[in-house]
Amino acid sequence: MITDYIEAALARARYEIIEDEEPYYGEIPGLQGVWASGRTLEECRRNLKEVIEGWIIVRLRKGLSIPPIDGHRIEELEELEIGG
């Protein structure tokens, strides 16, 4: 569930070259505050993935909604039932 969501988010990423020590910049449209940079495109993508993971954790901890991406959803579990 989470891995699929992150992959769907990365598929939406927009990248550009900026004037900086880490010239590759990437962001995910629709996910406010989710952006990263890197020395290479691969590093930028890796950093962006880590930012998405942290963003999900923060939103879940604060009880904030996480917008669906291409049918992928992450929802907080109210109660975990363990069968025995």
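Just so it is clear, none of the values below were taken in a lab; they were calculated from the coordinates. Since this is a predicted model, take the numbers as computed values, not measurements. No Cβ is skipped: glycine too gets one built from the backbone with ideal geometry, and neighbour counts run over all protein chains shown.
Points to keep in mind about this one:
- Note on region 1-66: no enclosed strands (runs of 3 or more DSSP E) hold 2 or more residues that are β-branched (Val, Ile, Thr).
- Within region 54-70, being touching a residue at least 12 places away in the same chain (Cβ under 8 Å), exposed (fewer than 13 other Cβ atoms within 10 Å of the Cβ) and touching a helix residue (DSSP H, G or I) at 6+ places or on another chain (Cβ under 8 Å) holds for one residue alone: ASP70.
- Taking region 1-53 as the range and being buried (at least 17 other Cβ atoms within 10 Å of the Cβ), within 17 Å of PRO68 (Cβ to Cβ) and not aliphatic (A, V, I, L, M) as the test, only TYR5 passes.
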